[in-house]
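Below you'll find the structure, written out as C-alpha coordinates, and then a few comments.
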Amino acid sequence: MDQRGVASTFLLEIGTEELPADFARLALPQLKDRVASDLSDWRLDHGAIRVTSTPRRLAVMVEGLADRQQDLSEDRKGPPAAQAYPDGNPGPAAIGFARRCGVDPGALEIRPTPKGDCVFATVLVEGKDTLTLLQETIPSWIDALQGRRFMRWGAGDQRFSRPVRWLVALLGQTCVPVTLSASDPVVHSGRCSRGHRLLDAPVDLVEAADYASALAAVGVMVDRDERSAAIRTALTKQAAALQGDVDCPERLFDELVDLVEAPLVLTGSIADRYLELPPEVIVTVMQSHQRYVPLRHPGVALDPLRLNSREALRAEFLFVSNGLPAASDRIRRGNERVLSARLADAEFFLTVDRRQSSSERREALHSVTFAEGLGSLRDRSDRIDYLAGQLLDQLDLPEVTTAAARRAAHLCKHDLVSQMVGEFPELQGLIGGKYLLEEGESRAVALAVVEHYQPRGAGDTLPTSDAGAVVALAERLELLLSIFAKGERPSGSSDPYALRRAGNGILQILW
(Lines give C-alpha, C1' and ligand atoms only; values in the text may rest on other atoms or scores of the structure.)
Protein backbone atom coordinates (compact mmCIF):
# COMPACT_ATOMS: atom_id res chain seq x y z
CA MET A 1 0.00 0.00 0.00
CA ASP A 2 1.33 3.46 -0.98
CA GLN A 3 2.27 5.78 1.82
CA ARG A 4 3.02 9.49 1.91
CA GLY A 5 6.59 10.16 0.76
CA VAL A 6 6.74 6.99 -1.36
CA ALA A 7 7.54 7.14 -5.08
CA SER A 8 5.39 4.94 -7.32
CA THR A 9 5.06 4.07 -11.00
CA PHE A 10 2.18 5.84 -12.70
CA LEU A 11 0.34 4.30 -15.66
CA LEU A 12 -2.26 5.80 -17.93
CA GLU A 13 -3.64 3.61 -20.73
CA ILE A 14 -6.21 5.03 -23.18
CA GLY A 15 -7.92 2.02 -24.73
CA THR A 16 -9.64 2.56 -28.08
CA GLU A 17 -10.96 0.94 -31.17
CA GLU A 18 -8.34 0.40 -33.92
CA LEU A 19 -6.31 3.62 -34.29
CA PRO A 20 -4.93 4.93 -37.59
CA ALA A 21 -1.25 3.99 -37.74
CA ASP A 22 -0.02 7.57 -38.13
CA PHE A 23 -1.97 8.76 -35.07
CA ALA A 24 -0.70 5.89 -32.94
CA ARG A 25 2.81 7.16 -33.67
CA LEU A 26 2.36 10.94 -33.78
CA ALA A 27 0.27 11.14 -30.59
CA LEU A 28 3.16 9.84 -28.47
CA PRO A 29 5.37 12.95 -28.41
CA GLN A 30 2.29 15.09 -27.75
CA LEU A 31 1.31 12.97 -24.76
CA LYS A 32 4.85 12.87 -23.38
CA ASP A 33 5.34 16.64 -23.66
CA ARG A 34 2.01 17.34 -21.99
CA VAL A 35 2.66 15.01 -19.07
CA ALA A 36 6.24 16.26 -18.58
CA SER A 37 5.10 19.89 -18.60
CA ASP A 38 2.38 19.36 -16.01
CA LEU A 39 4.60 17.30 -13.70
CA SER A 40 7.16 20.10 -13.81
CA ASP A 41 4.51 22.72 -13.06
CA TRP A 42 3.27 20.60 -10.16
CA ARG A 43 6.77 20.37 -8.61
CA LEU A 44 6.56 16.58 -8.58
CA ASP A 45 9.76 14.56 -8.47
CA HIS A 46 9.78 11.71 -10.98
CA GLY A 47 11.99 9.43 -13.04
CA ALA A 48 11.77 8.46 -16.70
CA ILE A 49 8.62 9.19 -18.71
CA ARG A 50 7.92 6.52 -21.31
CA VAL A 51 5.16 6.54 -23.93
CA THR A 52 4.08 3.72 -26.19
CA SER A 53 1.20 2.62 -28.37
CA THR A 54 -0.43 -0.26 -30.17
CA PRO A 55 -3.37 -0.12 -32.60
CA ARG A 56 -5.76 -0.31 -29.62
CA ARG A 57 -4.09 1.85 -26.99
CA LEU A 58 -1.93 4.82 -26.08
CA ALA A 59 0.00 4.54 -22.83
CA VAL A 60 2.28 6.68 -20.67
CA MET A 61 4.31 5.41 -17.71
CA VAL A 62 6.13 7.63 -15.22
CA GLU A 63 8.66 5.92 -13.00
CA GLY A 64 9.35 7.05 -9.46
CA LEU A 65 6.52 9.58 -9.29
CA ALA A 66 6.26 11.26 -5.88
CA ASP A 67 2.90 10.80 -4.20
CA ARG A 68 2.74 14.42 -3.09
CA GLN A 69 3.77 17.88 -4.29
CA GLN A 70 6.60 19.63 -2.55
CA ASP A 71 5.40 22.44 -0.24
CA LEU A 72 6.04 25.87 -1.70
CA SER A 73 7.13 28.93 0.24
CA GLU A 74 6.42 32.15 -1.62
CA ASP A 75 6.59 35.87 -0.84
CA ARG A 76 3.56 37.98 -1.60
CA LYS A 77 3.78 41.73 -1.91
CA GLY A 78 1.21 43.89 -0.13
CA PRO A 79 0.42 47.61 0.29
CA PRO A 80 3.03 50.35 0.89
CA ALA A 81 4.37 50.37 4.45
CA ALA A 82 3.09 53.91 5.15
CA GLN A 83 -0.45 52.81 4.22
CA ALA A 84 -0.22 49.51 6.15
CA TYR A 85 1.17 51.09 9.33
CA PRO A 86 -0.30 54.62 9.46
CA ASP A 87 0.57 55.13 13.13
CA GLY A 88 3.27 52.48 13.52
CA ASN A 89 0.76 49.74 14.22
CA PRO A 90 -0.96 47.40 11.71
CA GLY A 91 -3.84 49.29 10.13
CA PRO A 92 -6.86 48.01 8.16
CA ALA A 93 -4.74 47.59 5.00
CA ALA A 94 -2.17 45.42 6.81
CA ILE A 95 -4.81 43.39 8.65
CA GLY A 96 -6.79 42.78 5.42
CA PHE A 97 -3.64 41.76 3.51
CA ALA A 98 -2.62 39.37 6.32
CA ARG A 99 -6.10 37.81 6.32
CA ARG A 100 -5.99 37.25 2.54
CA CYS A 101 -2.61 35.57 2.86
CA GLY A 102 -3.68 33.47 5.84
CA VAL A 103 -0.97 34.77 8.20
CA ASP A 104 -0.91 36.70 11.47
CA PRO A 105 -0.45 40.50 11.03
CA GLY A 106 2.56 40.25 13.32
CA ALA A 107 4.30 37.99 10.77
CA LEU A 108 4.32 40.68 8.07
CA GLU A 109 7.65 42.16 7.04
CA ILE A 110 8.59 45.55 5.61
CA ARG A 111 11.07 45.36 2.73
CA PRO A 112 12.47 47.99 0.37
CA THR A 113 11.31 48.01 -3.30
CA PRO A 114 12.17 50.35 -6.19
CA LYS A 115 8.97 52.27 -5.41
CA GLY A 116 9.54 52.46 -1.66
CA ASP A 117 9.01 50.22 1.37
CA CYS A 118 6.17 47.69 1.08
CA VAL A 119 4.65 45.01 3.25
CA PHE A 120 5.44 41.36 2.44
CA ALA A 121 4.00 38.09 3.70
CA THR A 122 5.75 34.71 3.49
CA VAL A 123 3.07 32.16 2.60
CA LEU A 124 3.49 28.40 2.81
CA VAL A 125 1.50 26.66 0.07
CA GLU A 126 0.93 23.09 1.14
CA GLY A 127 1.40 20.54 -1.64
CA LYS A 128 -1.49 18.50 -2.95
CA ASP A 129 -1.66 14.72 -3.21
CA THR A 130 -0.52 13.45 -6.61
CA LEU A 131 -3.68 11.33 -6.81
CA THR A 132 -5.83 14.46 -6.65
CA LEU A 133 -3.79 16.29 -9.29
CA LEU A 134 -3.95 13.33 -11.68
CA GLN A 135 -7.67 12.88 -11.19
CA GLU A 136 -8.27 16.53 -12.10
CA THR A 137 -5.94 16.62 -15.10
CA ILE A 138 -6.00 13.27 -16.95
CA PRO A 139 -9.12 14.17 -19.00
CA SER A 140 -7.37 17.32 -20.24
CA TRP A 141 -4.39 15.23 -21.41
CA ILE A 142 -6.71 13.13 -23.54
CA ASP A 143 -8.61 16.15 -24.89
CA ALA A 144 -5.35 17.94 -25.80
CA LEU A 145 -4.18 15.29 -28.29
CA GLN A 146 -4.44 16.40 -31.91
CA GLY A 147 -4.67 14.42 -35.14
CA ARG A 148 -6.37 14.13 -38.50
CA ARG A 149 -10.10 13.50 -38.82
CA PHE A 150 -11.13 13.21 -35.20
CA MET A 151 -14.59 11.84 -34.61
CA ARG A 152 -17.47 11.83 -32.14
CA TRP A 153 -19.40 8.66 -31.36
CA GLY A 154 -22.77 7.82 -29.86
CA ALA A 155 -24.60 10.79 -28.36
CA GLY A 156 -21.53 12.15 -26.56
CA ASP A 157 -19.35 15.16 -27.30
CA GLN A 158 -15.98 13.45 -26.73
CA ARG A 159 -13.65 13.89 -29.71
CA PHE A 160 -10.84 11.48 -30.42
CA SER A 161 -9.21 9.63 -33.28
CA ARG A 162 -11.32 6.55 -32.51
CA PRO A 163 -13.88 5.80 -29.77
CA VAL A 164 -12.38 5.44 -26.30
CA ARG A 165 -13.54 2.14 -24.81
CA TRP A 166 -11.57 1.78 -21.56
CA LEU A 167 -9.20 3.69 -19.33
CA VAL A 168 -6.54 2.40 -16.95
CA ALA A 169 -5.09 4.89 -14.44
CA LEU A 170 -2.87 3.50 -11.69
CA LEU A 171 -0.49 5.16 -9.25
CA GLY A 172 1.42 2.18 -7.94
CA GLN A 173 -1.36 -0.14 -6.76
CA THR A 174 -3.92 2.63 -6.34
CA CYS A 175 -6.56 3.30 -9.00
CA VAL A 176 -6.86 6.96 -9.97
CA PRO A 177 -10.60 7.69 -10.32
CA VAL A 178 -11.17 9.42 -13.67
CA THR A 179 -14.38 9.81 -15.67
CA LEU A 180 -14.73 10.77 -19.34
CA SER A 181 -18.27 12.10 -19.00
CA ALA A 182 -18.43 13.40 -22.59
CA SER A 183 -17.97 9.89 -23.99
CA ASP A 184 -20.93 7.69 -24.90
CA PRO A 185 -21.08 5.41 -23.04
CA VAL A 186 -19.35 7.21 -20.17
CA VAL A 187 -15.88 5.75 -19.53
CA HIS A 188 -14.66 5.25 -15.93
CA SER A 189 -11.04 4.43 -15.18
CA GLY A 190 -10.12 1.14 -13.59
CA ARG A 191 -7.35 -1.43 -13.54
CA CYS A 192 -8.73 -3.68 -16.32
CA SER A 193 -6.90 -3.58 -19.65
CA ARG A 194 -7.53 -5.68 -22.76
CA GLY A 195 -5.36 -8.28 -24.44
CA HIS A 196 -4.97 -9.18 -28.11
CA ARG A 197 -8.30 -8.71 -29.87
CA LEU A 198 -8.36 -12.32 -31.12
CA LEU A 199 -7.81 -13.70 -27.62
CA ASP A 200 -10.48 -11.44 -26.08
CA ALA A 201 -8.71 -11.62 -22.75
CA PRO A 202 -9.25 -8.91 -20.10
CA VAL A 203 -6.34 -8.42 -17.72
CA ASP A 204 -6.56 -6.94 -14.23
CA LEU A 205 -3.40 -5.03 -13.40
CA VAL A 206 -2.32 -5.32 -9.76
CA GLU A 207 0.10 -2.41 -10.07
CA ALA A 208 1.35 -0.07 -12.76
CA ALA A 209 4.87 -1.55 -12.94
CA ASP A 210 3.41 -4.89 -14.14
CA TYR A 211 1.93 -3.34 -17.28
CA ALA A 212 4.24 -4.68 -20.02
CA SER A 213 4.58 -8.20 -18.57
CA ALA A 214 0.83 -8.50 -17.89
CA LEU A 215 -0.05 -7.57 -21.47
CA ALA A 216 2.63 -9.84 -22.88
CA ALA A 217 0.85 -12.72 -21.14
CA VAL A 218 -2.30 -11.94 -23.17
CA GLY A 219 -0.60 -11.60 -26.54
CA VAL A 220 0.29 -7.88 -26.70
CA MET A 221 3.82 -6.58 -27.29
CA VAL A 222 2.99 -3.16 -25.88
CA ASP A 223 6.45 -1.55 -26.12
CA ARG A 224 6.65 0.10 -29.54
CA ASP A 225 10.46 0.02 -29.68
CA GLU A 226 10.49 -3.67 -28.81
CA ARG A 227 7.87 -4.34 -31.48
CA SER A 228 9.89 -2.36 -34.05
CA ALA A 229 13.08 -4.28 -33.29
CA ALA A 230 11.28 -7.62 -33.47
CA ILE A 231 9.75 -6.82 -36.88
CA ARG A 232 13.04 -5.55 -38.32
CA THR A 233 14.91 -8.63 -37.10
CA ALA A 234 12.28 -11.01 -38.50
CA LEU A 235 12.19 -9.25 -41.89
CA THR A 236 15.99 -9.37 -42.18
CA LYS A 237 16.19 -13.00 -41.09
CA GLN A 238 13.47 -14.26 -43.43
CA ALA A 239 14.77 -12.21 -46.38
CA ALA A 240 18.23 -13.71 -45.89
CA ALA A 241 16.74 -17.20 -45.80
CA LEU A 242 15.00 -16.48 -49.12
CA GLN A 243 18.13 -14.88 -50.62
CA GLY A 244 16.41 -11.54 -51.19
CA ASP A 245 16.84 -7.90 -50.20
CA VAL A 246 14.06 -6.24 -48.20
CA ASP A 247 12.36 -3.34 -50.01
CA CYS A 248 10.71 -1.57 -47.08
CA PRO A 249 10.90 2.25 -46.95
CA GLU A 250 10.85 3.80 -43.47
CA ARG A 251 7.36 5.20 -44.08
CA LEU A 252 6.03 1.68 -44.69
CA PHE A 253 8.03 0.22 -41.80
CA ASP A 254 6.61 2.76 -39.33
CA GLU A 255 3.12 1.87 -40.51
CA LEU A 256 3.74 -1.85 -40.07
CA VAL A 257 4.90 -1.29 -36.48
CA ASP A 258 1.69 0.61 -35.68
CA LEU A 259 -0.69 -1.84 -37.36
CA VAL A 260 -0.03 -4.84 -35.11
CA GLU A 261 0.02 -5.72 -31.41
CA ALA A 262 1.63 -9.14 -31.78
CA PRO A 263 3.83 -9.04 -34.92
CA LEU A 264 3.99 -12.23 -36.91
CA VAL A 265 6.14 -12.01 -40.07
CA LEU A 266 5.02 -14.48 -42.73
CA THR A 267 6.05 -15.33 -46.29
CA GLY A 268 3.73 -15.35 -49.29
CA SER A 269 4.22 -16.01 -52.99
CA ILE A 270 3.31 -14.03 -56.10
CA ALA A 271 1.52 -16.11 -58.72
CA ASP A 272 3.92 -16.77 -61.60
CA ARG A 273 1.75 -15.12 -64.27
CA TYR A 274 1.96 -11.73 -62.54
CA LEU A 275 5.75 -11.63 -62.72
CA GLU A 276 5.21 -10.47 -66.32
CA LEU A 277 3.91 -7.16 -64.92
CA PRO A 278 6.29 -4.20 -64.55
CA PRO A 279 8.06 -4.45 -61.18
CA GLU A 280 6.93 -0.97 -60.11
CA VAL A 281 3.31 -2.06 -60.48
CA ILE A 282 3.85 -5.03 -58.18
CA VAL A 283 5.83 -2.95 -55.68
CA THR A 284 3.19 -0.19 -55.66
CA VAL A 285 0.37 -2.68 -55.09
CA MET A 286 2.32 -4.37 -52.31
CA GLN A 287 3.62 -1.32 -50.46
CA SER A 288 0.95 1.34 -50.95
CA HIS A 289 -2.19 -0.77 -51.12
CA GLN A 290 -1.49 -3.95 -49.13
CA ARG A 291 1.39 -2.97 -46.80
CA TYR A 292 3.44 -5.95 -47.93
CA VAL A 293 7.23 -6.07 -48.21
CA PRO A 294 8.63 -7.02 -51.65
CA LEU A 295 11.93 -8.85 -51.95
CA ARG A 296 14.43 -7.87 -54.62
CA HIS A 297 17.11 -10.08 -56.05
CA PRO A 298 20.34 -9.26 -54.19
CA GLY A 299 22.11 -6.22 -55.60
CA VAL A 300 19.47 -5.55 -58.28
CA ALA A 301 18.03 -2.03 -58.44
CA LEU A 302 14.72 -1.29 -60.13
CA ASP A 303 15.24 -0.15 -63.71
CA PRO A 304 12.43 2.38 -64.42
CA LEU A 305 12.04 0.93 -67.91
CA ARG A 306 12.17 -2.79 -67.14
CA LEU A 307 8.99 -4.33 -68.54
CA ASN A 308 8.66 -7.42 -66.33
CA SER A 309 9.55 -8.35 -62.78
CA ARG A 310 11.39 -11.65 -63.10
CA GLU A 311 14.85 -10.09 -63.20
CA ALA A 312 14.16 -7.63 -60.36
CA LEU A 313 11.84 -9.27 -57.82
CA ARG A 314 11.70 -12.61 -56.10
CA ALA A 315 8.43 -14.49 -56.30
CA GLU A 316 8.23 -14.47 -52.50
CA PHE A 317 7.16 -11.48 -50.40
CA LEU A 318 6.91 -10.80 -46.67
CA PHE A 319 4.06 -9.35 -44.66
CA VAL A 320 3.43 -8.57 -41.00
CA SER A 321 0.30 -10.13 -39.56
CA ASN A 322 -1.56 -9.42 -36.35
CA GLY A 323 -3.01 -12.92 -36.30
CA LEU A 324 -2.33 -15.95 -34.16
CA PRO A 325 0.59 -18.28 -35.07
CA ALA A 326 -1.76 -21.27 -35.20
CA ALA A 327 -3.58 -19.66 -38.15
CA SER A 328 -0.43 -18.85 -40.16
CA ASP A 329 -1.28 -21.04 -43.15
CA ARG A 330 -4.79 -19.62 -43.43
CA ILE A 331 -3.48 -16.05 -43.09
CA ARG A 332 -0.88 -16.70 -45.80
CA ARG A 333 -3.42 -18.09 -48.25
CA GLY A 334 -5.78 -15.19 -47.60
CA ASN A 335 -3.11 -12.58 -48.25
CA GLU A 336 -1.95 -14.34 -51.40
CA ARG A 337 -5.52 -14.31 -52.72
CA VAL A 338 -5.91 -10.61 -51.96
CA LEU A 339 -2.63 -9.81 -53.72
CA SER A 340 -3.59 -11.90 -56.74
CA ALA A 341 -6.89 -10.04 -57.01
CA ARG A 342 -5.13 -6.66 -56.93
CA LEU A 343 -2.55 -7.78 -59.50
CA ALA A 344 -5.31 -9.19 -61.72
CA ASP A 345 -6.86 -5.72 -61.72
CA ALA A 346 -3.50 -4.21 -62.70
CA GLU A 347 -3.09 -6.82 -65.46
CA PHE A 348 -6.54 -5.91 -66.80
CA PHE A 349 -5.77 -2.18 -66.78
CA LEU A 350 -2.53 -2.79 -68.67
CA THR A 351 -4.37 -4.86 -71.26
CA VAL A 352 -6.99 -2.13 -71.77
CA ASP A 353 -4.36 0.61 -71.99
CA ARG A 354 -2.37 -1.28 -74.62
CA ARG A 355 -5.37 -1.17 -76.97
CA GLN A 356 -4.84 2.58 -77.32
CA SER A 357 -1.68 4.30 -78.51
CA SER A 358 0.06 7.04 -76.56
CA SER A 359 -0.84 9.55 -79.29
CA GLU A 360 -4.52 8.64 -78.94
CA ARG A 361 -4.31 9.08 -75.18
CA ARG A 362 -2.75 12.49 -75.72
CA GLU A 363 -5.74 13.51 -77.80
CA ALA A 364 -8.05 12.23 -75.07
CA LEU A 365 -6.53 14.80 -72.69
CA HIS A 366 -8.98 17.27 -74.30
CA SER A 367 -11.72 15.76 -72.14
CA VAL A 368 -10.01 16.51 -68.81
CA THR A 369 -10.02 20.03 -67.39
CA PHE A 370 -6.72 21.23 -65.97
CA ALA A 371 -7.96 24.30 -64.05
CA GLU A 372 -10.62 26.93 -64.48
CA GLY A 373 -9.48 29.43 -67.08
CA LEU A 374 -6.50 27.31 -68.14
CA GLY A 375 -8.18 24.85 -70.48
CA SER A 376 -7.75 21.10 -70.59
CA LEU A 377 -4.82 18.82 -69.87
CA ARG A 378 -4.25 18.77 -73.62
CA ASP A 379 -3.88 22.56 -73.54
CA ARG A 380 -1.40 22.22 -70.72
CA SER A 381 0.49 19.55 -72.65
CA ASP A 382 0.74 21.94 -75.62
CA ARG A 383 2.15 24.66 -73.35
CA ILE A 384 4.77 22.26 -71.95
CA ASP A 385 5.64 21.28 -75.52
CA TYR A 386 6.07 24.96 -76.44
CA LEU A 387 8.17 25.84 -73.37
CA ALA A 388 10.44 22.83 -73.86
CA GLY A 389 11.04 24.04 -77.44
CA GLN A 390 11.92 27.52 -76.15
CA LEU A 391 14.44 26.05 -73.72
CA LEU A 392 15.97 23.74 -76.29
CA ASP A 393 16.43 26.65 -78.72
CA GLN A 394 18.61 28.35 -76.09
CA LEU A 395 20.59 25.31 -74.96
CA ASP A 396 23.61 23.85 -76.72
CA LEU A 397 22.70 20.18 -76.50
CA PRO A 398 23.49 17.30 -78.88
CA GLU A 399 20.91 16.80 -81.60
CA VAL A 400 19.96 13.35 -80.31
CA THR A 401 19.24 14.82 -76.85
CA THR A 402 17.24 17.70 -78.34
CA ALA A 403 15.15 15.33 -80.44
CA ALA A 404 14.44 13.07 -77.45
CA ALA A 405 13.43 16.04 -75.26
CA ARG A 406 11.06 17.44 -77.92
CA ARG A 407 9.37 14.08 -78.40
CA ALA A 408 9.13 13.47 -74.63
CA ALA A 409 7.66 16.95 -74.01
CA HIS A 410 5.02 16.23 -76.65
CA LEU A 411 3.94 12.94 -75.02
CA CYS A 412 4.80 13.41 -71.33
CA LYS A 413 1.19 13.64 -70.06
CA HIS A 414 -0.43 10.95 -72.19
CA ASP A 415 -0.72 8.42 -69.34
CA LEU A 416 -2.90 10.70 -67.18
CA VAL A 417 -5.97 9.28 -68.92
CA SER A 418 -4.73 5.68 -68.76
CA GLN A 419 -6.51 3.03 -66.70
CA MET A 420 -3.32 2.32 -64.77
CA VAL A 421 -2.77 5.87 -63.56
CA GLY A 422 -6.47 6.17 -62.77
CA GLU A 423 -6.09 3.25 -60.36
CA PHE A 424 -2.48 3.83 -59.31
CA PRO A 425 -1.73 7.58 -59.52
CA GLU A 426 1.70 6.95 -57.96
CA LEU A 427 2.76 5.48 -61.32
CA GLN A 428 2.17 8.59 -63.47
CA GLY A 429 5.14 9.21 -65.72
CA LEU A 430 6.62 5.82 -64.96
CA ILE A 431 3.90 3.83 -66.68
CA GLY A 432 3.82 6.40 -69.48
CA GLY A 433 7.49 5.77 -70.18
CA LYS A 434 6.97 2.02 -70.24
CA TYR A 435 4.08 2.32 -72.69
CA LEU A 436 6.22 4.46 -75.01
CA LEU A 437 9.04 1.93 -74.90
CA GLU A 438 6.60 -0.86 -75.80
CA GLU A 439 5.41 1.21 -78.78
CA GLY A 440 8.93 1.53 -80.17
CA GLU A 441 9.99 4.93 -78.89
CA SER A 442 13.66 5.24 -77.95
CA ARG A 443 14.86 4.62 -74.44
CA ALA A 444 15.95 8.28 -74.22
CA VAL A 445 12.38 9.47 -74.92
CA ALA A 446 10.83 6.98 -72.48
CA LEU A 447 13.36 7.84 -69.76
CA ALA A 448 12.70 11.59 -70.17
CA VAL A 449 8.96 10.98 -69.69
CA VAL A 450 9.67 8.98 -66.54
CA GLU A 451 12.06 11.62 -65.18
CA HIS A 452 10.05 14.75 -65.92
CA TYR A 453 8.20 14.30 -62.59
CA GLN A 454 11.50 14.34 -60.68
CA PRO A 455 12.14 15.62 -58.09
CA ARG A 456 8.77 14.87 -56.51
CA GLY A 457 9.81 16.52 -53.27
CA ALA A 458 12.70 17.35 -50.99
CA GLY A 459 15.35 14.64 -51.06
CA ASP A 460 13.98 12.93 -54.17
CA THR A 461 16.26 11.94 -57.03
CA LEU A 462 16.84 14.39 -59.89
CA PRO A 463 16.59 13.60 -63.62
CA THR A 464 19.65 11.67 -64.76
CA SER A 465 19.31 12.62 -68.43
CA ASP A 466 19.55 16.08 -70.02
CA ALA A 467 16.36 15.40 -71.97
CA GLY A 468 14.53 14.54 -68.73
CA ALA A 469 15.87 17.69 -67.03
CA VAL A 470 14.65 19.94 -69.87
CA VAL A 471 11.14 18.47 -69.85
CA ALA A 472 11.05 18.65 -66.03
CA LEU A 473 11.98 22.35 -66.18
CA ALA A 474 9.35 23.03 -68.85
CA GLU A 475 6.66 21.23 -66.84
CA ARG A 476 7.35 23.26 -63.70
CA LEU A 477 7.72 26.57 -65.53
CA GLU A 478 4.35 25.98 -67.21
CA LEU A 479 2.71 25.31 -63.85
CA LEU A 480 4.14 28.43 -62.24
CA LEU A 481 3.40 30.69 -65.21
CA SER A 482 -0.14 29.39 -65.67
CA ILE A 483 -1.25 29.56 -62.04
CA PHE A 484 0.36 32.95 -61.38
CA ALA A 485 -1.10 34.33 -64.61
CA LYS A 486 -4.47 33.07 -63.39
CA GLY A 487 -4.02 35.31 -60.35
CA GLU A 488 -3.64 32.63 -57.68
CA ARG A 489 -0.88 32.63 -55.09
CA PRO A 490 0.21 30.11 -52.45
CA SER A 491 -0.49 31.19 -48.89
CA GLY A 492 1.00 30.16 -45.59
CA SER A 493 -1.52 27.36 -45.16
CA SER A 494 -2.61 26.58 -48.72
CA ASP A 495 -0.69 25.61 -51.84
CA PRO A 496 -3.09 23.38 -53.78
CA TYR A 497 -1.01 23.36 -56.96
CA ALA A 498 2.27 22.70 -55.09
CA LEU A 499 3.86 25.83 -56.53
CA ARG A 500 6.55 25.94 -53.86
CA ARG A 501 7.55 22.39 -54.70
CA ALA A 502 7.67 23.31 -58.40
CA GLY A 503 9.90 26.31 -57.68
CA ASN A 504 12.22 24.27 -55.50
CA GLY A 505 12.38 21.60 -58.21
CA ILE A 506 13.50 24.17 -60.79
CA LEU A 507 16.27 25.38 -58.47
CA GLN A 508 17.47 21.83 -57.71
CA ILE A 509 17.58 20.86 -61.38
CA LEU A 510 19.41 24.06 -62.40
CA TRP A 511 21.90 23.68 -59.56
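A few notes on this one:
- For the stretch 389-432, projected area of the alpha-carbon convex hull averaged over all directions, nm²: 3.5 nm²
- Alpha carbon centroid spacing (whole Å) that separates the stretch 21-35 from the stretch 271-339: 32 Å
- As an equivalent ellipsoid, the stretch 452-511 spans semi-axes of 21, 13, 7 angstrom, where each value is the square root of five times an eigenvalue of the C-alpha gyration tensor, largest first.
- Computed extension length for GLU360-ALA403: 13.4 nm, one decimal, from 0.36 nm per residue of separation with the Cα-Cα distance subtracted.
- Using a probe of 1.4 angstrom and keeping all protein chains present, the accessible surface of the stretch 332-468 works out to 47 square angstrom per residue.
- For LYS434, the lysines whose Cα comes closer than 29 Å to its Cα, not counting residues fewer than 8 places off in the same chain, are LYS413.
- Those residues of the stretch 456-471 whose amide nitrogen sits under 16 Å from the label point placed on ASP396, 7 Å along Cα→Cβ: none
- Dipole axis of the stretch 296-391 (+1 Lys, Arg; -1 Asp, Glu on Cβ), positive-most option in ALA344, ALA315, ALA326: ALA326
- Peptides 442-455, 156-169 ranked from most to least packed by the mean count of surrounding Cβ atoms within 10 Å: 442-455, 156-169.
- Packing-based ranking, highest mean first, of 280-287, 170-177, 141-148, 104-111 given that Cβ atoms within 10 Å are counted: 280-287, 170-177, 141-148, 104-111
- Relative to the dominant Cα principal axis of the chain, helix 21-41 is inclined by about 20°.
- At R0 = 51 Å, FRET efficiency that the Cβ-Cβ distance of ASP157 and ARG456 yields, to 0.05: 0.80
- Taken over the stretch 197-303, the ratio of Cα radius of gyration to 2.2 N^0.38 Å equals 1.33.
- Estimated FRET transfer efficiency when R0 is 22 angstrom, pair ASP272-GLU347 (beta carbons, to 0.05): 0.95
- With the simple model of a label 7 Å out from the Cα in the direction of the Cβ, HIS297 to ARG148 spans 3.7 nm.
- For ILE331, ILE95, the ranking by accessible surface with the largest value first comes to ILE95, ILE331, using a 1.4 Å probe.
- Partners for LYS115 among lysines (Cα-Cα distance below 21 Å; same-chain residues under 8 apart left out): LYS77
- With DNA, RNA and ligands ignored, accessible area of THR137 (1.4 Å probe; Å², nearest 10): 20 Å²
- Toward the positive end of the charge dipole of the stretch 25-102, with +1 on the Cβ of Lys and Arg and -1 on the Cβ of Asp and Glu, the farthest Cα among GLY47, ALA59, CYS101 is that of ALA59.
- Rounded if a/c under 1.5, otherwise prolate or oblate - the chain, Cα gyration tensor axes: oblate
- Helix axis angle, 130-144 relative to the chain longest principal axis, alpha carbon, degrees: 30 degrees
- Summed over qualifying helices (DSSP H, 4 residues or more, each -39500 (n - 2.57)) and divided by its residue number, the chain shows a 222 nm mean residue ellipticity of -12500 deg cm²/dmol.
- Spatial separation of Cα centroids for the stretch 446-504 and the stretch 73-141, in angstrom: 64 Å
- Cα gyration tensor, the stretch 359-456 - rounded (a/c under 1.5), prolate or oblate: oblate
- Sequence of TYR386, TYR292 from largest to smallest accessible area, 1.4 Å probe: TYR386, TYR292
- R0 of 51 Å, Cβ-Cβ distance SER73-LEU507: FRET efficiency to nearest 0.05: 0.30
- The modelled label-to-label distance for the pair LYS237/SER288, using points 7 Å beyond Cα in the direction of Cβ, is 3.3 nm.
- Shape category assigned to the stretch 105-148 from the gyration tensor of Cα positions, a/c cut at 1.5: oblate
- If you sort THR267, THR351 by accessible surface, 1.4 Å probe, largest first, the order is THR351, THR267.
- Order by protection proxy (mean Cβ within 10 Å, highest first), peptides 408-418, 55-65, 335-345, 363-373: 408-418, 55-65, 335-345, 363-373
- Apportionment of accessible area to carbon and sulfur, the chain, percent (1.4 Å): 51 percent
The values are calculated or read from the model by the stated rules, or taken from the named source; none is laboratory data. Keep in mind it's a predicted model, so treat the numbers as computed, not measured. In this analysis, Cβ positions are derived from the backbone assuming ideal geometry, glycine residues included, and neighbour counts consider all displayed protein chains. Heavy atoms of the whole protein, side chains included, go into the accessibility calculation; ligands, DNA and RNA do not. Shrake-Rupley method; radii C 1.70, N 1.55, O 1.52, S 1.80 Å.
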